[in-house]
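**Q** What follows is a structure written as structure tokens; I'll ask about it next.
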Amino acid sequence: MKIFSFFFQLVHAFMALLFAAAAFVLLGIVVNLGREVFLEGLNETTAQKIIAAIGLLAISVVSLKISKTIIEEEVVRDANLSAPTRVRRYLSRFFVVVIVALTIESLVATFKAIHEDMTQLTYASFLIIAVGVLLSAWGMFIYLNRFAEELEPVAMAEAKQEDKKLKD
């Protein structure tokens with residue numbers, strides 16, 4: 001059984017590496033866009049490039065955060081996600097990243113729609129509404145999961161101990 005566990009840790013480490021690589025590729029694209037902006041001068045066209053760069057940068061941050069979460073939860077901790085405490089913590093880390101990225105992306109989509117094509121503003125609005133729904137669902141999940149955590153205080157103490165291991 002330990003061989004399977006080690007194999008899955010390797011697979012998770014490889015996936016984390018791919019997410020990190022994607023983040024660095026996107027970061028390179030953002031740097032290239034920034035260079036183009038400075039060479040072209042500041043105008044409305046370059047403003048659109050800056051807005052696009054912000055969206056790519058947000059996706060890059062999401063990729064890095066997902067990579068870090070996978071490494072910490074699946075490789076370093078080899079976490080057991082059957083415990084409600086662990087599930088809440090794992091999903092909360094993921095939701096924070098996704099919600100922040102989608103919020104930034106919805107702002108980028110709104111600015112882009114306002115400056116390029118007002119018909120796209122409806123889709124940007126739907127994205128903002130979807131972020132609100134996700135945020136509400138996450139809050140409800142945390143609220144409901146709190147009761148399950150109260151039933152297993154030992155698991156909560158173990159999760160806090162694992163956090164101390166990562167900080168050392």
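For (1) more than 15 Å from the chain's Cα centre (by Cα); (2) in a loop (DSSP other than H, G, I, E, B); (3) hydrophobic (A, V, I, L, M, F, W, C); (4) assigned by TED's automatic domain parsing to the domain that holds ALA124, each residue gets a yes or a no:
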| site | (1), (2), (3), (4) |
| --- | --- |
| PHE38 | yes, no, yes, no |
| ALA58 | no, no, yes, no |
| ILE66 | no, no, yes, no |
| ARG88 | yes, no, no, yes |
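**Q** Find all pairs meeting these conditions: Cβ atoms under 6 angstrom apart; at least six residues apart or on different chains; first residue within region 72-87 and within 16 Å of PHE4 (Cα to Cα); second residue at pLDDT 60 or above and among the hydrophobic types (A, V, I, L, M, F, W, C).
**A** That search, which allows pairs on different chains as well, returns VAL75/ALA13.
**Q** Go through region 142-168 and give me each residue that's touching a helix residue (DSSP H, G or I) at 6+ places or on another chain (Cβ under 7 Å) and at pLDDT 80 or above.
**A** ILE142
**Q** Please go through region 99-126 and pick out each residue that is farther than 18 Å from LEU57 by Cα and free of Cβ contacts under 8 Å to residues at least 40 places away in the same chain. Spell out the reasoning first.
**A** Taking region 99-126 as the starting set, the residues that turn out to be farther than 18 Å from LEU57 by Cα are 113-126.
ALA113, ILE114, ASP117, MET118, THR119, GLN120, LEU121, THR122, TYR123, ALA124, SER125, PHE126 - these are the residues of region 99-126 that are farther than 18 Å from LEU57 by Cα and free of Cβ contacts under 8 Å to residues at least 40 places away in the same chain.
**Q** Another question, then. Spot the failing condition for SER92; the list is (1) assigned by TED's automatic domain parsing to the domain that holds LYS112; (2) free of Cβ contacts under 8 Å to residues at least 12 places away in the same chain, and only one is missed.
**A** Just one mismatch for SER92, condition (2).
**Q** Inspect region 68-79 for any residue being loosely packed, with under 15 Cβ neighbours inside 10 Å and either on the phi < 0 side of the Ramachandran plot or more than 14 Å from the chain's Cα centre (by Cα) (or both) and give the result as yes or no. Lay out the reasoning, then the answer.
**A** Step one: of region 68-79, the residues loosely packed, with under 15 Cβ neighbours inside 10 Å are 76, 78.
Checking the rest, the ones that are also either on the phi < 0 side of the Ramachandran plot or more than 14 Å from the chain's Cα centre (by Cα) (or both) come to 76, 78.
Checking region 68-79: at least one residue is loosely packed, with under 15 Cβ neighbours inside 10 Å and either on the phi < 0 side of the Ramachandran plot or more than 14 Å from the chain's Cα centre (by Cα) (or both).
**Q** Next question. State all residues of region 10-46 that are surrounded by 13 or more Cβ atoms within 10 Å (Cβ to Cβ) and within 15 Å of LYS112 (Cβ to Cβ); if no residue qualifies, say none.
**A** Those that are surrounded by 13 or more Cβ atoms within 10 Å (Cβ to Cβ) and within 15 Å of LYS112 (Cβ to Cβ): LEU33, THR46.
**Q** Given (1) outside the structural domain of MET15 (by TED's automatic domain parsing); (2) of a type in the set (D, E, K, R); (3) more than 13 Å from the chain's Cα centre (by Cα), identify the lone condition not met by GLU105.
**A** Single failed check for GLU105: (3).
The values are calculated or read from the model by the stated rules, or taken from the named source; none is laboratory data. All values reported here derive from a predicted model rather than from experimental measurement. FYI the Cβ positions are ideal-geometry reconstructions off the backbone, even for glycines, and counts take in every protein chain you see.
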